Amino acid sequence: MTEAAGKTVVIKLGTSSILSESTMQPKIRIMASIVEAVLHLRKAGHRVILVCSGAIGVGRVRMGMQERPKDLGQRQALAALGQLRLMSLWDSLFGVVGINVAQVLVTRTDLADSNRYHNARTTLDTLMSSTIDAVPIVNENDTVSVYEMRFGDNDSLSAITAGLVDADFLFLCTDVDGLFTDNPRTNPDARRLHLVRTVDEARRAASVKTLGSSFGTGGMQTKLIAAELATAAGVATVILNGEHPDNIVRIVEQGVPKVSLDAPETTVLNDPPHTMFLPSESRMPARKWRILHAMHPVGSLVIDQGAYDRISSKDSGGRLLPAGVVGVQGNWERLQAVRLLVRQRASDTDAWEDVEVGRALANYTSIECERIKGLQSTQIFEVLGCADSNYITDQIVLSSHV
């Protein structure tokens, strides 16, 4: 089955995909193969984005450092050194086949802000338009990112990028042929999963053990998280061996199989070797997906069980009154993302516990929320001197996996 042209394809390359641990030099053959694969995809009418790690690794190579530094300042400095050389290398390789590339550096702060989120989307769309016709190369801006606001690994960044541009495919390149029931390096009976309907299904069936790399920060667990984010946005997600980038072209040509979620496992798409996570049949609306996955929560609203029952009902409209709030944790400004916690009695003890049930955009600052929690809406003006909304939040996204 061949799908129509015009797909948007995001390809994530980890540091270990482009740098050799043994020689500490760039894998020019692999990078050139990526360029060739991108060329074929673009000739077929597809749009392509690369999400490429490696700035800190290239900086280490540049400075002859064997170990990844623990000091934040040193890592940021190495990222600044390495990013220039990494982009220069990509620019040279793509230039051979006449393709322009563009550097796009982002942080979670960029995507947490609504205006900057939409600006990032516009920039990527414009770069891939017929007018500019470039390949964006996205990386986290490690030179300015702080720990609390980092993506943590480029698997998550690639998933958020895929959701940002409404991609059709996300390819996560690694050093094995897909997701296995056990570590294939130590267990010869390990079986590769071919087609996965839900990430929960994969977690039950597969092993996430990997040997890892001294360069990279991700592993198979981070790829499952990325698959969960991307498939919720309607993006087919593929884990495959980065040593054979030409397989990306073949998989895109084959397309996403039409398989019912309750159908038995099939061996379709077994050649070339890879694992494909099917996109969610009901694509989450972009606004809700952004609140749940792209925005970094800066605090928590704790609500009682009654409030949770009300906002869980279909006719609630996702609106939370101050009366249902019993706790405020953290510091935030208006319209920043917060976790939504419900206070419940633990099943095995008499103690209370706060369980995360979703995310929301706060209509009031944390200080204001603290002052009006537990009150009636009619009391907001009396306490704050203003009442921009009767609700502490009216943009709530509930989820069992956050």
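Values for this structure:
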{"item": "Residue-by-residue Karplus 3J(HN,Hα) for the stretch 372-383, coefficients 6.51, -1.76, 1.60, Hz, glycine and proline x", "result": "10, 4, x, 8, 7, 4, 5, 8, 4, 5, 4, 7"}
{"item": "Kirkwood-based shape ratio for the stretch 45-125, expressed as Rg/Rh from alpha carbons", "result": "1.04"}
{"item": "Over the stretch 302-402: Kirkwood hydrodynamic radius from C-alpha pairwise inverse distances, Å", "result": "13.7 Å"}
{"item": "Under Karplus coefficients 6.51, -1.76 and 1.60, residue-wise ³J(HN,Hα) of the stretch 386-399 in Hz, glycine/proline x", "result": "7, 8, 5, 7, 7, 10, 5, 8, 10, 10, 10, 10, 8, 7"}
{"item": "Estimated vicinal HN-Hα couplings, Hz - the stretch 10-20 in sequence order (Karplus 6.51, -1.76, 1.60; Gly, Pro = x)", "result": "10, 10, 9, 10, x, 4, 5, 6, 10, 10, 7"}
{"item": "Segments 313-319, 279-285, 234-240 sorted - mean Cβ within 10 Å per residue, highest first", "result": "234-240, 279-285, 313-319"}
{"item": "Principal-axis tilt of helix 220-232 within the chain, Cα atoms, nearest 10 degrees", "result": "70 degrees"}
{"item": "The chain, accessible area per residue, ligands and nucleic acids excluded (1.4 Å, Å²)", "result": "45 Å²"}
{"item": "Amide H contacts of Met128 (H built 1.01 Å from N, under 5 Å, at least 5 apart or other chain)", "result": "Ala134"}
{"item": "Among Leu84, Leu41, Leu341, residue whose mean-square fluctuation peaks in a GNM of the chain (springs only between Cα atoms under 10 Å)", "result": "Leu84"}
{"item": "Beta bridge orientation in the chain: antiparallel %, DSSP, nearest 5", "result": "45 percent"}
{"item": "The stretch 1-122: relative contact order as a whole-number percent, Cα under 8 Å and 6+ apart", "result": "22 percent"}
{"item": "Ratio of the Cα radius of gyration of the stretch 66-111 to 2.2 N^0.38 Å, where N counts its residues", "result": "1.48"}
{"item": "Theoretical ellipticity at 222 nm over the chain - DSSP helices of four or more residues, -39500 (n - 2.57) apiece, nearest 500", "result": "-10000 deg cm²/dmol"}
{"item": "Kirkwood Rh in Å, taken over the stretch 1-61 so that all alpha-carbon pairs contribute", "result": "12.9 Å"}
{"item": "Over the chain, relative contact order from alpha-carbon pairs under 8 Å, at least 6 apart, %", "result": "15 percent"}
{"item": "Proximal lysine pairs, the chain, alpha carbons under 17 Å, eight or more residues apart or interchain", "result": "6"}
{"item": "Calculated P(r) tail over 30 Å for the chain, as whole % of Cα pairs", "result": "46 percent"}
{"item": "Sulfur and carbon atoms: percent of accessible area, the chain [1.4 Å]", "result": "49 percent"}
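The values are calculated or read from the model by the stated rules, or taken from the named source; none is laboratory data. Keep in mind the model is a prediction, meaning the values are calculated, not measured. With ideal geometry, Cβ positions are generated from the backbone for all residues, glycine too; neighbour counts draw on all protein chains shown. Accessible surface is based on the protein model in full, side chains and every heavy atom, while ligands, DNA and RNA are left aside. Shrake-Rupley method; radii C 1.70, N 1.55, O 1.52, S 1.80 Å.
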